[in-house]
Amino acid sequence: MEGVTIVDHPLVQHKLTLVRDKSISTKSFRELVKEIGMLLCYEVTRDLPLAEVVVETPLARMQSAKIAGKKLVFVPVLRAGTTFVDGMMDLVPTARVAHIGLYREPHSFAAVEYFFKSPSDLGERLAIVVTPVLATANTAVAAVDRLKERGAKDIRLACLIAAPEGLERIRGLHPDVPIWTAAIDEGLDEHGYILPGLGDAGDRAYGTR
């Protein structure tokens with residue numbers, strides 16, 4: 001699908017298989033999701049612009065590449081997105097973080113917002129929406145809608161797994177938002193969960209039901 005990148009690196013695929021296993025502990029689940037977040041961050045930020053700067057090594061003066069001032073903001077969708085974004089923050093500790101609290105109403109699957117906090121200069125930043133699971137995409141669409149309302153112009157989305165239905169929905173409504181995912185699964189069940197999927201990422205990360 002245009003605008004969708006599957007990150008098929010062996011380490012990503014290996015860790016995703018471990019994440020799917022229902023027998024792993026909440027501690028292991030969080031650690032693996034964090035590690036995958038770090039690996040996906042490499043791919044999502046692969047095309048950041050570079051500029052040549054002068055640096056003094058212990059032996060000589062040289063020109064070397066440095067990110068050309070592009071400011072980032074990570075936007076985890078609460079709850080499970082916070083674990084995912086921790087790995088990204090390890091790579092880009094100077095990035096800002098916006099938080100958006102959204103949950104899916106269990107019957108209509110409509111996204112319900114309960115919290116939003118972001119930097120005031122979203123229009124000057126690359127916003128990377130982080131959500132472990134892209135199922136119906138209702139919460140992802142709501143997150144992108146909210147960011148655009150606040151002035152964001154450059155938005156990307158990263159997720160662990162996605163359903164074809166969710167990808168089609170968000171690409172249809174926001175074709176300007178490219179997506180990175182570790183896997184595209186078969187589809188959704190009658191409850192809006194991805195099959196075979198990995199279950200409820202928030203519950204598995206924090207031991208809730």
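The values are calculated or read from the model by the stated rules, or taken from the named source; none is laboratory data. Please read these numbers as outputs of a predicted model, since none were measured by experiment. Neighbour counts run over all protein chains shown; Cβ positions are idealised from the backbone, glycine included. Please note that ligands, DNA and RNA were not included when accessible areas were found on the heavy atoms of the full protein model with its side chains. Shrake-Rupley method; radii C 1.70, N 1.55, O 1.52, S 1.80 Å.
Residues that are of a type outside the set (Gly, Ala, Ser) and more than 8 Å from Phe84 (Cβ to Cβ) within region 27-42 comprise Lys27, Phe29, Arg30, Glu31, Leu32, Glu35, Met38, Leu39, Leu40, Cys41, Tyr42, listed in sequence order. I'd like to know if region 28-47 contains one or more residues that are out of contact with any strand residue (DSSP E or B) (no Cβ under 9 Å at 6 or more places or on another chain) and over 23 Å from Val77 (Cβ atoms). Yes - at least one qualifying residue is present in region 28-47. Val112 falls short of the stated requirement of being in a strand (DSSP E or B), without any contact (Cβ under 8 Å) to a residue 60 or more places away in the chain and crowded, with 23+ Cβ neighbours inside 10 Å.
Residues checked against (1) at pLDDT 90 or above; (2) of a type outside the set (A, V, I, L, M); (3) within 17 Å of His174 (Cβ to Cβ):
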| position | (1), (2), (3) |
| --- | --- |
| Glu105 | no, yes, no |
| Val112 | no, no, no |
| Phe115 | no, yes, no |
| Ser120 | no, yes, no |
| Val141 | yes, no, yes |
| Val144 | yes, no, yes |
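Lys34 fulfils the conditions (1) touching an Asp or Glu at 6+ places or on another chain (Cβ under 7 Å); (2) closer than 27 Å to Arg209 by Cβ; (3) open to solvent by less than 60 Å² (accessible area, probe 1.4 Å) except for a single criterion, (3).
When region 128-169 is filtered for residues that are of a type in the set (A, V, I, L, M, F, W, C) and touching a Pro at 6+ places or on another chain (Cβ under 9 Å), the ones remaining, listed by number, are Val129, Val130, Ile155, Leu157, Cys159, Leu160, Ile161. Against the definition (at pLDDT 90 or above, touching a helix residue (DSSP H, G or I) at 6+ places or on another chain (Cβ under 8 Å) and assigned to a strand (DSSP E or B)), how does Ala127 come out, yes or no? Spelling it out, Ala127 is indeed at pLDDT 90 or above, touching a helix residue (DSSP H, G or I) at 6+ places or on another chain (Cβ under 8 Å) and assigned to a strand (DSSP E or B).
Residues considered: Lys66, Lys71, Lys34. Of these, the only one that is in contact (Cβ under 8 Å) with a residue 12 or more places away in the chain, in contact with a Gly (Cβ under 7 Å, 6 or more places away or on another chain) and either farther than 23 Å from Trp180 by Cβ or not aliphatic (A, V, I, L, M) (or both) is Lys34. Here Gly87 clears all of (1) open to solvent by 10 Å² or more (accessible area, probe 1.4 Å); (2) under 22 Å from Tyr42 (Cβ atoms); (3) not charged (D, E, K, R) except the condition numbered (1).
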